Amino acid sequence: MNMFKLLSITLVLGFASTASAQEIYDWNDAKVPAVVSSKGNLIFIGKEKAPNRVYSWKAAKGKNKQTVYLTDMDGDGKADVVGAGKPMFVLNSKSDPVAFHKKGCFQALVADFTADNKNDIACINGGSISVFTHDLQMAWTSKINKKLKFCRAGDVNGDLKADLECKQGKMWTRFDGSSGELLAASTDTEEVSAPLNPSIAASDARVLDGKTMFDFNADGTAEESLLKDGNAVAIRSRSLKKGLGRVELKSAPITALVKDLDGDKKLDIVVVTKNTIVIASTDGKSKSFSLNAKKYKRTPIAKLDSVYANGFESNNDNAQKVVNAINTKLSKCYASQVRKNQFAGVGTMLVEATVNKKGKVTHVTEHHSSLADKKVGKCVRGIVKKLKFPEATTDAATINISMTFTFRDY
């Protein structure tokens, strides 16, 4: 067995998404039990049995270009999402944006290039390759004079680490995955026989062929099945002549997932058609949702968690009230940005303001932010910098402001 085959057995987790297919995945989070991918659209289904987060982007296109990777990026045992194209982005298992690369990638490849037991991302644009860590920190970049048609990841030099083999014209160029060092230039032979593209498997469309058995009526026996029937899905039973129900659709079903979405110990059915997601119960009752992420409305949610004032003596409470009074302004910093940039992120922010004896803010420090978009913090700091506080007892009085940001898509 050659080294590349050994590496692929270790890392390849299953099906690789394509740019045009509608696919549904059994997701690994109780609040986000399923996710649908279709033509540069990601729809995360919540336990409420409706979409709760959606994303769209200009997905990478063409032969040898994978649109989206669903795989464990950070080694926590849960699948994350990498979107390839413009922008290139990373989402965690809870559907939260982790980081994004605004310029994007003509092609993106996922593998453990830096040999840290976490997956990295190779971003290919023209004659340039950049490798980023799982949270989009730059590891290395390399440039050559000719445009790269596409690249593949695999162990080229036999060190059991992922490298890159790229085609330019009819020739191949190889790079060491951990350093970007040129291993071979303009060779007419290829070493990597198949791409190393780790991704979890999508739900098998054959679930609609009537042969896969489920326990839809919760009687302890798996004797029910789904059968594609024109623009409908029939819920059949071996013991009932009429079956359990029928899900009517506006177009033919493409694939489906059977899962208890809300934890009520009853199986639900998620059917994907060309343009819609239909979520149904076993009696055939259903709700339909769009596969087009741009048709959803984003609702930002910003919360002022705490405000602590020190150095104002009896005026500490009044100093805190100054911040509480501008909660709406601080919230708008996030709301305006998350509507412009769908990958702005969610999470917490901690800002500290230093106030002098005249009540003037002399310095604002952002101690922590888990948001992917740094413009939110810049906006918050700008507002805090202009605030007027009560007179402080020293030149080093402080105001600590903690906020939480998140969003829903409806």
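Taking (1) over 29 Å from residue 36 (Cα atoms); (2) among the basic types (Lys, Arg); (3) open to solvent by 70 Å² or more (accessible area, probe 1.4 Å) in turn, residue 211 satisfies each apart from (1). Here residue 168 meets the list (1) farther than 30 Å from residue 76 by Cα; (2) open to solvent by 70 Å² or more (accessible area, probe 1.4 Å); (3) of a type in the set (S, T, N, Q) almost entirely, failing just condition (2).
Against the conditions (1) part of a helix (DSSP H, G or I); (2) closer than 30 Å to residue 136 by Cα; (3) open to solvent by less than 30 Å² (accessible area, probe 1.4 Å), residue 401 satisfies every one except (1).
Condition check: assigned to a strand (DSSP E or B), surrounded by fewer than 16 Cβ atoms within 10 Å (Cβ to Cβ), hydroxyl-bearing (Ser, Thr, Tyr) and in contact with a strand residue (DSSP E or B) (Cβ under 7 Å, 6 or more places away or on another chain). Does residue 406 satisfy that? Considered against the rule, which asks whether it is assigned to a strand (DSSP E or B), surrounded by fewer than 16 Cβ atoms within 10 Å (Cβ to Cβ), hydroxyl-bearing (Ser, Thr, Tyr) and in contact with a strand residue (DSSP E or B) (Cβ under 7 Å, 6 or more places away or on another chain), residue 406 comes out as no. Just the residues that are touching a Ser or Thr at 6+ places or on another chain (Cβ under 7 Å) and surrounded by fewer than 23 Cβ atoms within 10 Å (Cβ to Cβ), please, taken from the range 45-68. Once the filter is applied, which keeps residues that are touching a Ser or Thr at 6+ places or on another chain (Cβ under 7 Å) and surrounded by fewer than 23 Cβ atoms within 10 Å (Cβ to Cβ), the range 45-68 yields only 66. Here is a check on your reading of the model: is residue 199 among the polar types (S, T, N, Q), open to solvent by 10 Å² or more (accessible area, probe 1.4 Å) and closer than 17 Å to residue 111 by Cα? Criteria not met by residue 199. Scanning the range 181-192 for residues being assigned to a loop (DSSP other than H, G, I, E, B) and closer than 15 Å to residue 159 by Cβ gives a total of 3. Summed over the range 117-135, the residues that are more than 18 Å from residue 148 (Cα to Cα) and either crowded, with 20+ Cβ neighbours inside 10 Å or free of Cβ contacts under 8 Å to residues at least 12 places away in the same chain (or both) give a count of 4.
Let's see how each residue does on (1) polar (S, T, N, Q); (2) modelled with pLDDT of 95 or more; (3) out of contact with any Cys (no Cβ under 8 Å at 6 or more places or on another chain); (4) under 17 Å from residue 46 (Cβ atoms):
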residue: 234; (1), (2), (3), (4): no, no, yes, no
residue: 241; (1), (2), (3), (4): no, no, yes, no
residue: 255; (1), (2), (3), (4): yes, yes, yes, no
residue: 259; (1), (2), (3), (4): no, yes, yes, yes
residue: 268; (1), (2), (3), (4): no, yes, yes, yes
residue: 277; (1), (2), (3), (4): no, yes, yes, yes
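Does the range 280-296 contain any residue that is under 26 Å from residue 334 (Cβ atoms), over 22 Å from the mean Cα position of the chain (by Cα) and among the polar types (S, T, N, Q)? No, the range 280-296 contains no residue that is under 26 Å from residue 334 (Cβ atoms), over 22 Å from the mean Cα position of the chain (by Cα) and among the polar types (S, T, N, Q). Residue count for the range 227-285, restricted to those that are open to solvent by less than 50 Å² (accessible area, probe 1.4 Å), outside any strand (DSSP E or B), under 21 Å from residue 21 (Cβ atoms) and aliphatic (A, V, I, L, M): 2.
The sole residue among 361, 322, 376 that is open to solvent by less than 30 Å² (accessible area, probe 1.4 Å), β-branched (Val, Ile, Thr), assigned to a helix (DSSP H, G or I) and touching a residue at least 24 places away in the same chain (Cβ under 8 Å) is 376.
Scanning the range 330-358 for residues that are touching a helix residue (DSSP H, G or I) at 6+ places or on another chain (Cβ under 6 Å), of a type outside the set (Phe, Trp, Tyr), within 23 Å of residue 86 (Cα to Cα) and part of a helix (DSSP H, G or I) turns up just one, 337. Among the residues making up the range 306-319, a single one is assigned to a helix (DSSP H, G or I) and either among the hydroxyl-bearing types (Ser, Thr, Tyr) or touching a His at 6+ places or on another chain (Cβ under 6 Å) (or both): 314.
Of all residues in the range 378-398, none satisfies the criterion of being in contact with a Leu (Cβ under 8 Å, 6 or more places away or on another chain) and modelled with pLDDT under 95. Within the range 286-315, restricting attention to residues that are open to solvent by less than 40 Å² (accessible area, probe 1.4 Å) and of a type in the set (S, T, N, Q), the residue that is nearest to residue 400 (Cα to Cα) is 306. In the range 155-164, which residue that is at pLDDT 90 or above and over 16 Å from residue 106 (Cβ atoms) is surrounded by the fewest Cβ atoms within 10 Å (Cβ to Cβ)? Here the answer is 163.
The values are calculated or read from the model by the stated rules, or taken from the named source; none is laboratory data. Source: prediction; values computed, not measured. Neighbour counts are summed over all protein chains in view; Cβ atoms, including those assigned to glycine, are modelled from backbone coordinates with ideal geometry. Keep in mind that these areas ignore ligands, DNA and RNA; they rest on the heavy atoms of the full protein, side chains included. Shrake-Rupley method; radii C 1.70, N 1.55, O 1.52, S 1.80 Å.
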